[in-house]
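Input: a single structure, listed below in structure tokens.
Quick note: the coordinates plus some simple rules give every number you see, no bench work behind them. Being a predicted model, the structure only gives us computed values, none of them experimental. Counting neighbours? That spans all protein chains shown, and the Cβs are built from the backbone with ideal geometry, glycine included.
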Amino acid sequence: MKLVIDANIVISAALNFEGTTRELIFFEDIELFAPDFLLSELEKHRLSLIEKSKVSERDFDLTVSIILSKIKLISYSEFNSFLEKAREICLDLNDEEYFALSLSLNIPIWSDDKDLKKQNVVKVISTKELIEILGI
């Protein structure tokens, strides 16, 4: 299954060492994609996330690096032609690149942000729904 992974899922996996979200990221049958914008989002919140994780900077950075190794980062230039349509359906400008990438690849977004479901163009799958789909 191919999915565009939202930053909130990556952050959840980075903060919860024993969580299901992290297990799903490394699930064999899941192929993950994200706009390279994800890196700047993670960097923007890095210090507060380190504080929340209660681990050292080094351990946090290593964890994020391992998670990112499972995600194919896609350059803005590869999906920017879908930004206009993404802006029409996306309520939050911070999510427009995820929508544009989803439209470009014609695959769902994996996100636990309920606001992303307030449209009917792009399929958005929550972690709970993903677990049900995979039957695990």
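Distance distribution note for the range 1-92: the fraction of Cα pairs above 22 angstrom is 31%.
Under a Gaussian network description of the chain, with springs only between Cα atoms under 10 Å, the residue in Ile50, Ile25, Ile71 that fluctuates furthest is Ile50. Normalised by the number of residues in the chain, the average gap of Cα pairs under 8 Å and 6 or more apart makes the relative contact order 29 percent.
Exposed loop sites here are GluC sites (Glu not before Pro) in DSSP loop states with at most 15 other C-beta atoms within 10 Å. What is the longest stretch of the chain lacking them? Formally, the longest exposed-site-free interval is 29-136. Counted over all Cα-Cα pairs of the range 31-136, pairs farther apart than 21 Å make up 43 percent. Sites listed here are chymotrypsin sites (Phe, Trp or Tyr not before Pro) in the range 93-128 whose DSSP assignment is loop and whose Cβ has at most 12 other Cβ atoms within 10 Å, and the list is empty.
Pairs exceeding a 29 Å alpha-carbon distance, out of Lys72/Lys117; Lys72/Lys114; Lys2/Lys85; Lys54/Lys118; Lys52/Lys72: Lys54/Lys118. Which value in nm describes the separation of the simple spin-label points at Ser48 and Glu18, placed 7 Å from the Cα toward the beta carbon? Output for this residue pair reads 2.7 nm.
In this rough spin-label picture, where each label sits 7 Å from Cα along the Cβ direction, the Phe26-Lys85 distance is 3.6 nm.
The angle separating the long axis of helix 96-105 from the principal Cα axis of greatest extent in the chain is about 70 degrees.
Here the spin labels are modelled as points 7 Å beyond Cα on the Cα-Cβ line, and at Arg58 and Ser40 they lie 3.1 nm apart.
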